[in-house]
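Step one of this worksheet: look at the structure below.
Coordinate-derived values only; no laboratory data. None of the values given here were measured: they were computed from a predicted structure. Neighbour counts run over all protein chains shown; Cβ positions are idealised from the backbone, glycine included.
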Amino acid sequence: KKSWLSRLKAGLAKTSSSLTTLFVGARIDDDLYDELEAALLTADAGVEATLFLLDALKKKVKEEKLTEAEQVKAALKTLLIDLLTPLQKPLILGKHQPMVMMIAGVNGAGKTTTIGKLAKHMQMHHQSVVLAAGDTFRAAAREQLAIWGERNGVTVIAQESGDPAAVAFDAVASAKARQTNVVMIDTAGRLPTQLHLMEELKKIRRVLGKAMDTAPHEVLLVIDGNTGQNALAQVKAFDDALQLTGLVITKLDGTAKGGVLAAIAKTRPVPVYFIGVGEQIEDLQPFNAQEFVDALLN
Ligand code: GDP
């Protein structure tokens, strides 16, 4: 059985090989920098982060009088770790009773899977969990969550129809009454046309504040690591609307374009609590900049 780290490495292999091979036997000249620029852009690091990294790298090469391509690669590695380290932040449990978490993400990003893995993560840390099926628009989403809850001994609060904010409110009330440690609120990833998703989500956020003064304590966005630059647009839009506290980046075991983390770090540095590298519980791992860059540039 492959470890999660090897799945991450496999996922980043494409990005990794184009970044690594360009250094092999290379001379340190404009060609090398051009190739690196192209590789970073292809990996979806985005223009800002790419130019930032290139500038910083050129400066470093000059200041440290680097002469070998391998040294330049090592310098790039250090710069990437420095860029990504601010994104590394653990999700801290037990600060609030209950801890109220709202979980957003567009359909298909891996939100339901992530909620399942997170709930198990909480249980392993001796936290009881209640889930709120806040996607009241998709019956399938509600049913999926209910089945999952039953299988894992997690209470799921759902309503046949109606207002997602009311479901969220109920879940917090229930958690207070039963002294449940964590409330996780699933939300819709897309709405039937006329309604505006962000308005809907903002309302849930407001109502949570009415259910408990300090809530929500965490507002997470789940994004698919393969959506490239669009992931960045999602982070910006959801952060503007909801003041995100953290991200979960899924599917980094797939044909991932790992560069998107650099783009996020440079333009909208919302902490990355976890990365997803598969469908199993152990495939949700805390983000670690050093590990990630080691997988990217080895
Ligand atoms: P939602 O629509 O956002 O709730 O997305 P789902 O949780 O239903 O996930 C969509 C698909 O992505 C499913 O087939 C999941 O099994 C898959 N998925 C979710 N997270 C990961 C991951 O980290 N790695 C891989 N390979 N697949 C994932």
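Structure summary
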| quantity | calculated |
| --- | --- |
| Dipole magnitude of the chain, debye to nearest 20 (Cβ charges: Lys/Arg +1, Asp/Glu -1, about Cα centre) | 660 |
| Within straight-line cross-link reach of LYS58, lysines at Cα separation under 23 Å, skipping those fewer than 8 residues along the same chain | LYS73, LYS77, LYS266 |
| Fully extended contour minus Cα-Cα distance, from THR42 to ARG190, at 0.36 nm per residue | 50.4 nm |
| Inter-label distance for GLN280 and HIS125, nm, one decimal - labels placed 7 Å from Cα along Cα-to-Cβ | 2.2 |
| Neighbour-count order for LYS111, LYS202, LYS65, LYS9, fewest beta carbons within 10 angstrom listed first | LYS65, LYS202, LYS9, LYS111 |
| Inter-label distance for GLU68 and ASP240, nm, one decimal - labels placed 7 Å from Cα along Cα-to-Cβ | 4.8 |
| Spin-label pair ARG151/LYS95, simplified geometry with 7 Å Cα→Cβ offset, distance in nm | 3.2 |
| Distance-filtered residues of the range 110-135 - backbone nitrogen under 12 Å, label point 7 angstrom along LEU5 Cα→Cβ | none |
| For ASP253, residues with placed amide H under 5 Å, excluding near neighbours | GLY278 |
| When each of LYS111/LYS203; LYS65/LYS257; LYS89/LYS236; LYS95/LYS176 is checked by Cα-Cα distance, pairs over 26 Å | LYS65/LYS257 |
| Mean Cβ count within 10 Å, highest first, over the residues of peptides 245-258, 145-158 | 245-258, 145-158 |
